[in-house]
Amino acid sequence: MKCKSDLRRAVVGERNALAPAEIARRSARAARHLFSLAEVEAARTIMFFVTFGSEVDTMPMIRRALSKGKRVLAPRADPARRELTPCQVQDLERDLTPGAHDIREPASHCPAVCLDEIGVVIVPASVWSEDGYRTGYGAGYYDRFLPHLPGAVRIGLGLEVQVVPEVPHEAHDLPVDILVTEAGIRRFRHRQGGRSDERGSHPAA
């Protein structure tokens, strides 16, 4: 198995090679799968990540969630402490501003939201494994953040090009409950203990 940095470099390089129009097309497919989930339909408060670079495009998904009456949160990063604060956004043009690592984040006027109010958290990664584990971008923000959300459904979101058979992980690393890409939906049973071979997948629309 490759080390995390080599794996990240190889997979992100492959993702970066996709044309913007292709990323948009694949992102639209992933969005259809995401919004087909009962967990997303039922959630009152959803935390999204804000796209940067060649990541799956979450902006149309955020707009759709807002149009469905969801309370939508996005992370504000504290680079000194490597911590995330979930803040409510309602108008993407007004509420998002350039922040840490050149990623747009909630502006100072956006209110912070208590962690226990989050029903679903949409999780980014540079690389996903077939069993729901992730490799981030090296700063460890989500590794620190996710353990504070024991009641939230963790949904990984990415492009199929980012999925590999396995990624290095430690015993304390938290996998996602569901992984969504343009190719479909993978469900896991991590909360019940152990890895799961359960996998439900929709054909790409």
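Here are the numbers for this structure:
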| quantity | calculated |
| --- | --- |
| Which listed residue, of Arg9, Arg81, Arg25, is surrounded by fewer than 21 Cβ atoms within 10 Å (Cβ to Cβ), under 21 Å from Ala112 (Cα atoms) and of a type in the set (Lys, Arg) | Arg81 |
| Ser129 among the small types (Gly, Ala, Ser), loosely packed, with under 12 Cβ neighbours inside 10 Å and out of contact with any helix residue (DSSP H, G or I) (no Cβ under 6 Å at 6 or more places or on another chain) | no |
| Members of the stretch 56-68 found to be closer than 12 Å to Ala24 by Cα and either surrounded by fewer than 20 Cβ atoms within 10 Å (Cβ to Cβ) or over 10 Å from the mean Cα position of the chain (by Cα) (or both), listed by number | Asp57, Met59, Pro60, Met61 |
| Filtered residue count, the stretch 14-24, keeping only those that are assigned to a helix (DSSP H, G or I) and within 15 Å of Gly158 (Cβ to Cβ) | 6 |
| Residues satisfying the stated conditions in the stretch 99-129, i.e. modelled with pLDDT of 95 or more and not hydrophobic (A, V, I, L, M, F, W, C) | Arg104, Glu105, Pro106, Ser108, His109, Pro111, Asp116, Glu117, Gly119, Pro124, Ser126, Ser129 |
| Residue list for the stretch 31-89, filter: touching a Ser or Thr at 6+ places or on another chain (Cβ under 7 Å), within 12 Å of Ile122 (Cα to Cα) and free of Cβ contacts under 8 Å to residues at least 40 places away in the same chain | Thr51 |
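Residue by residue, here is whether (1) in contact with a Pro (Cβ under 7 Å, 6 or more places away or on another chain); (2) at negative phi; (3) acidic (Asp, Glu); (4) at pLDDT below 95 holds:
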site: Arg29; (1), (2), (3), (4): no, yes, no, no
site: Arg32; (1), (2), (3), (4): no, yes, no, no
site: Glu39; (1), (2), (3), (4): no, yes, yes, no
site: Thr45; (1), (2), (3), (4): no, yes, no, no
site: Phe52; (1), (2), (3), (4): no, yes, no, yes
site: Lys70; (1), (2), (3), (4): no, yes, no, no
site: Pro79; (1), (2), (3), (4): no, yes, no, yes
site: Leu84; (1), (2), (3), (4): yes, yes, no, no
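Residue-by-condition table, conditions (1) touching a Gly at 6+ places or on another chain (Cβ under 8 Å); (2) at pLDDT 85 or above; (3) in a helix (DSSP H, G or I):
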{"position": "Gly156", "(1), (2), (3)": "yes, yes, no"}
{"position": "Val167", "(1), (2), (3)": "no, yes, no"}
{"position": "Ala171", "(1), (2), (3)": "no, no, no"}
{"position": "Leu179", "(1), (2), (3)": "yes, yes, no"}
{"position": "Ile185", "(1), (2), (3)": "yes, yes, no"}
{"position": "Ser196", "(1), (2), (3)": "no, no, no"}
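The values are calculated or read from the model by the stated rules, or taken from the named source; none is laboratory data. No experiment lies behind these values; they were computed from the predicted model shown. Glycine also receives a Cβ, built like all others from the backbone with ideal geometry; neighbour counts cover every protein chain displayed.
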